[in-house]
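What follows is a single structure, written as structure tokens, with notes after it.
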Amino acid sequence: MHHRERPAVGLPALTPSARARAAVAGVAVALGCVACAPGEDTAPTPTQTATEAAAEAVAGPVVRSVTIDGAQVELAVGPLAVHGDVAVLRLSAPTAPPGLRMAFWEVFEGIGTAGPNGARLVDVDAGAVMTTLRDSADLPVMTRNGSPGGSATEAAEEAAGDGVEVVYAAFTVPDRDTVGVLLPQAGWFEGVPVVDAAEAGAMTVPPAELTDNEITDHAAFPLETYTEQVDGLVRARQTPTEVTVDIASDVLFAVDSADLGADAQAALAAAGAQVGAHSGGRLTIVGHTDDVADEAHNLDLSQRRAASVSQQLGALVDLSGFDVTVEGRGESEPAMAGTSAEARSLNRRVTITLVPAEEAAPAPAAPDDPAALPEATGPSAAGPDGVTVQDGANAYAVRLPQVRRVGPYLVGELELTNHGAKDLTDGVLASGVSDTRGRFDPSLQLAATNVSLLVGGSRVFPVDYVRPEADMREPLSDRVVTVDAGATRVVTVVWPDTGTTSVAVEVAPRQISAFGGVTVGGAAFRLTDIPVVDGD
């Protein structure tokens, strides 16, 4: 089929938040140089097009009333139509006023042109996320300036009718009948149908009308969890296949000693809870040291420290079902290069790696008393009531009426209201210019990476995933959080399920880049007594 080249068109008028997103793209270049499911009644709603209503019986978009750039709109998400090995997601809403290409644009994923590449698919059963596909020119496959268009695109626009904007983004095909969709500002849409392109009809367009190039990326990324305990001295990471717990040696041992100290009990109890959550598997306990003293001495010290941890862990947890290996590696595998005090502190550690015999469910181990929260360092109130934060020139309110349990995850949609006189663009929910684990990543300077669940002494951070081709770790949360003066926006964060009936959420300054290091994070606040509700 011959496709005519679609001329470039101007972007919609920008709100202050949209201007901020566009400005972030320039910052990125500079830094680089340095729902409610459809019901049984299929009668058109006032904002549904005739095409959407006719297709609802077979393809049914999930429609929710959401706020986009300050405007309340009925947003229709879906269907996700399968065209061979590519699935195309449809997003539509009245055009007055939101420009969906700008509203759902992830600037760090496609700096050159606006489009809905901020959309992500979530397969909760597989524990995986899918980002917008890219083509051989490294462009996101989506509706954007320069998309070739074609007869199907024209037919879809005509069917949608005047006053409705329709945009598309392409993904790898999930092995599910429905999928979750996470959208910037708009939140989580569960139960979006996955259908064959023939069933979707005018509700989809082929990938060839989104790009002229070959589609080269078909990845899905496994979701991982990250938990800090004992003031960050115990850090647990969980993938679908293994659990890794790092314990700072400084909390376990005195200098140049392999004898467990008085402060080791809490750290080993936290590690034991992670191991004890599984019935068996392969368990490897490895001691590491810094580079002080000679290699032979450090190797011996690391071996003796690993043996001490193994012995105490066996006293806390029944390890009879585990194949246990204990070894030391001295200074040979530093976690952080360099000889600074920070690097050496990070390198002194004992690492426990567990490959469970059963599938590793993404749920952090909770302490004995999950209600015993540490003292708050900022304003604190019940989540449905919300708190007001004053941080220099910034003044904003945060509210979280509930979180939803979706499969093995908890989905929170925080309401962030800017009461200040200027736009809120300071990364108040971020871990500075780092990802959750402390690795430098300036593209996350405005992301919701520092919004944690508190479960007793455990701090559970948003689930995340690694994109190997970009060598980046992405949070399953909004990645660019800006709020116009006087406006309210929704910020979506996804955590692993804690198994509790209510949760507490906190943002607080924290130390990153090691078990010590620089302190980052916005002003502290805490929301408590947030009910956990089941369903989508």
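Read-outs throughout are calculated quantities, based only on the coordinates presented, and are distinct from any laboratory measurement. Keep in mind it's a predicted model, so treat the numbers as computed, not measured. So basically every Cβ, Gly included, is an ideal-geometry build from the backbone, and we count neighbours across all protein chains shown.
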Once amide hydrogens are built 1.01 Å from N within the peptide plane, the residues lying 5 or more places from GLN185 or on another chain with amide H under 5 Å from its amide H are THR492
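Taking Cα pairs under 8 Å and at least six residues apart, what relative contact order does the range 136-294 come out at, in percent?
Computed over the range 136-294, the figure is 18 percent.
Going by the alpha-carbon gyration tensor, a ≥ b ≥ c the square roots of its eigenvalues, is the range 157-204 rounded (a/c under 1.5) or, if a/c is not under 1.5, prolate (a/b greater than b/c) versus oblate?
Judged from the Cα gyration tensor, the range 157-204 comes out oblate (a/c at least 1.5, b/c at or above a/b).
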Using the basic label-point model (7 angstrom from Cα toward the beta carbon), what is the ASP138 to ASP471 distance in nanometres? 1.3 nm
Which ³J(HN,Hα) values, rounded to whole Hz and listed in residue order, are derived for the range 266-279 from phi using the Karplus coefficients 6.51, -1.76 and 1.60 in 6.51 cos²θ - 1.76 cosθ + 1.60 with θ = phi - 60°, glycine and proline given as x? 5, 5, 6, 5, 5, 5, x, 5, 5, 5, x, 6, 10, 7
How large is ³J(HN,Hα), in whole Hz, for each residue of the range 482-496 in order, when computed from phi with the Karplus curve 6.51 cos²θ - 1.76 cosθ + 1.60 and θ = phi - 60°, using x for Gly and Pro? 10, 9, 5, 4, x, 9, 10, 9, 9, 10, 9, 9, 10, 10, x
Vicinal HN-Hα couplings computed from phi for the range 299-313 (Karplus, 6.51 cos²θ - 1.76 cosθ + 1.60; Hz; Gly/Pro x): 5, 5, 4, 5, 5, 5, 5, 4, 5, 5, 5, 4, 5, 5, 4
Kirkwood Rh, the range 380-534, all Cα pairs: how many Å? 15.6 Å
Residues whose modelled amide H sits under 5 Å from the amide H of LEU133, counting only those 5 or more places away in sequence or on another chain, are VAL141, ALA170, PHE171, THR172
With 0.36 nm assigned to each residue of separation and the Cα-Cα distance removed, ASP300 to GLU157 gains 44.4 nm
Residues with amide H under 5 Å of THR178's amide H, sequence separation 5 or more or different chain, H placed in the peptide plane at 1.01 Å from N; which? VAL194
